[in-house]
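Report on the structure given below.
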Amino acid sequence: MYIAFEDISEHSDTVDVCIIGAGAAGISMAVTLAERGHRVLLCEGGDADYSERSQECYRGDVVGDPYIPLYGARLRHLGGSTNHWGGICRPLDRYDFNAKAAAIETAWPIGRDALAPYYSAAINMLGQEPTPADYLIPEAGLKRIYFSLGHPTRMKEKYAATLSDSATLACCLTANLVALESQDGKVTSATFSNYRGDYRKVQARYFVLACGGIENSRLLLWCNQQLNGQLIPQADTLGRYWMEHPHATVGKALIFEPAALGLDDEYNVFLSPTADAINTRQILNCGLRLHRMNAEATQELIDELAGQAPTLAGRVRVWQAQGRVIHGAVLRAAWEQEPRYDNRIELSDELDKLGVPRSRLVWRQSELDRRTIRESMLLLGEYLRNNEVGRLQLAPWLAATPVELPSEGELAGRHHMGGTRMSLNAEEGIVNADCRLFAQDNVYVAGSSVFASAGHANPTLTLVQLALRLCDHLESRLTPNGAGAAQPT
């Protein structure tokens, strides 16, 4: 059921879990816990639909490499950024949870097996289809991968009836977190403000912050500052190790043997380097996306080849005359970014309308980030050439030495990850393996801000898996029979 902001304090007297933020993670948790009979209060800072007064809170500065304006990178209303999500998802690779040879900081404190039990439930929650199994391309150092490309789920629409009718779930809109109170290692209350400047306090047994990959850091930085470091005493990594998935058009390919990559049957083919190739080439993970050209564009690519390699172009034309199928492909990519301490969310000196400091994003791509995309493309190019199944043409910016990343175009996937990093100890991160703040017994963080590393896959499926795993953990603490059965690590 929906409750008015004015009634939020009275309702909170019986709340088991207060979830702050109603995006993919927050709604997944709220619906799941309510279905299990727990009393949930879901607080969303935005309105039911897009509003300028809510979206304006996302304004902030960017320092470093060119990036999408923060104001437009995510959506701030009920359903969060699922309101413009494309529905593309796949789980992280098993080796994404391990330390990669090029960057030991990519290791998570949990492995993929910890999330595997929640895969089917997360797929169902998001209304997607399971992804087919990957398969290796022989002698390539590459594998053919798949994404779920189903109809994108709008969380507020899919769960509208539950949000409206559930007897144990209360949803309050325009409830913006502005402060926390903590005593003896527990948060005792959360203070919320609406856009009229009214304030209400909420008490709950447990609090879950699920406001997104920038907002989680911003709000914790602000609350910790107000509490003089009492919330997160070891805060050196708070806001740090922030990551994105750089995106770009990276080249073109002429494929002589389309069946070798699957372009005979499909217009879009997805590839990524194998674990061995990643470690041998000292790179991170990368997703290459081959988009098949039409006949006219393919012919233009063949004509262009004639000026660079006339002998090869002549062979291609003979093959065409013989009826051999040849395809051109545009290559786009999304690749893993190195988790770096210096990439971070900070608090600006400027305040938003709620009195909370705005975000400042400091974001720069590293030499390893550049090497990852270049070596991934060279890996594909070597396979095409060595096996005589095609040729690769790098985009001019990628062929340059040193690599000069594009300053316009896609730039990134709007995938905000890190900032409240999951780790084994408080010196290296903000939450433990159960997503709980190290210094607070009853405060958890949900969403991609807890990612220790990013892989190349879109983060939505993984963050919902984590959210459902957190539901089970909270269940063990909320139910009398489960009390003490699964203590935070």
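Some observations on this one:
- Single residue of the stretch 22-54 satisfying the filter (surrounded by fewer than 20 Cβ atoms within 10 Å (Cβ to Cβ) and out of contact with any helix residue (DSSP H, G or I) (no Cβ under 7 Å at 6 or more places or on another chain)) that is farthest from Arg74 (Cα to Cα): Gly37
The rows are residues; the columns are (1) in a helix (DSSP H, G or I); (2) surrounded by fewer than 16 Cβ atoms within 10 Å (Cβ to Cβ).
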{"site": "Gln365", "(1), (2)": "no, no"}
{"site": "Thr372", "(1), (2)": "yes, no"}
{"site": "Arg385", "(1), (2)": "yes, yes"}
{"site": "Leu392", "(1), (2)": "no, no"}
{"site": "Pro402", "(1), (2)": "no, yes"}
{"site": "Glu408", "(1), (2)": "no, yes"}
{"site": "Gly429", "(1), (2)": "no, no"}
{"site": "Ala433", "(1), (2)": "no, no"}
{"site": "Gln440", "(1), (2)": "no, no"}
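- Only one of Gly251, Gly213 that is touching a His at 6+ places or on another chain (Cβ under 8 Å) and either in a loop (DSSP other than H, G, I, E, B) or at pLDDT 95 or above (or both): Gly213
- Checked against the criterion of being acidic (Asp, Glu) and without any contact (Cβ under 8 Å) to a residue 12 or more places away in the chain, the candidates Glu404, Glu427, Glu408 yield just one match: Glu404.
- The set of residues in the stretch 195-213 that are over 24 Å from Leu478 (Cα atoms), touching a Phe, Trp or Tyr at 6+ places or on another chain (Cβ under 8 Å) and crowded, with 22+ Cβ neighbours inside 10 Å contains only Gly213.
- The set of residues in the stretch 84-99 that are assigned to a loop (DSSP other than H, G, I, E, B) and open to solvent by less than 20 Å² (accessible area, probe 1.4 Å) comprises Gly87, Arg90, Leu92, Asp93.
- Residues within the stretch 100-127 that are touching a Phe, Trp or Tyr at 6+ places or on another chain (Cβ under 9 Å), outside any helix (DSSP H, G or I) and within 19 Å of Gln282 (Cα to Cα), tallied: 2
- Among residues of the stretch 304-323 that are within 13 Å of Glu388 (Cβ to Cβ), none has a Cβ under 8 angstrom from a residue that is open to solvent by 70 Å² or more (accessible area, probe 1.4 Å) at a sequence gap of 6+ or on a separate chain.
- Subset tally (residues that are of a type in the set (S, T, N, Q) and on the phi > 0 side of the Ramachandran plot) for the stretch 229-257: 0
- Flag if Thr153 is open to solvent by 10 Å² or more (accessible area, probe 1.4 Å) and in contact with a Leu (Cβ under 7 Å, 6 or more places away or on another chain): yes
- Selection within the stretch 55-75: residues that are part of a loop (DSSP other than H, G, I, E, B) and open to solvent by 30 Å² or more (accessible area, probe 1.4 Å). The member of this set that is nearest to Tyr2 (Cα to Cα) is Leu75.
- Yes/no for Ser81 being surrounded by fewer than 20 Cβ atoms within 10 Å (Cβ to Cβ), in a helix (DSSP H, G or I) and of a type in the set (S, T, N, Q): no
- Of the residues in the stretch 63-85, at least one is of a type in the set (A, V, I, L, M, F, W, C), over 28 Å from Pro406 (Cβ atoms) and in contact with an Asp or Glu (Cβ under 6 Å, 6 or more places away or on another chain).
- Cβ separations smaller than 7 Å between residues 6+ apart or across chains give the following pairs from the stretch 170-188 residues that are assigned to a strand (DSSP E or B) to residues that are open to solvent by 40 Å² or more (accessible area, probe 1.4 Å) and not polar (S, T, N, Q): Ala170/Met1; Ala170/His11; Cys171/Tyr2; Lys186/Asp441; Val187/Glu181; Thr188/Glu181.
- Within the stretch 23-38, residues that are assigned to a loop (DSSP other than H, G, I, E, B) have Cβ atoms under 7 Å from residues that are β-branched (Val, Ile, Thr) and buried (at least 21 other Cβ atoms within 10 Å of the Cβ) in these pairs: Gly23/Thr82; His38/Val17, counting only partners at least 6 apart in sequence or on another chain.
The values are calculated or read from the model by the stated rules, or taken from the named source; none is laboratory data. Predicted model only: the values in this text are computed from it and were never measured. Counting neighbours? That spans all protein chains shown, and the Cβs are built from the backbone with ideal geometry, glycine included. Quick note on the areas: whole protein, heavy atoms, side chains included, nothing else; ligands and nucleic acids left out. Shrake-Rupley method; radii C 1.70, N 1.55, O 1.52, S 1.80 Å.
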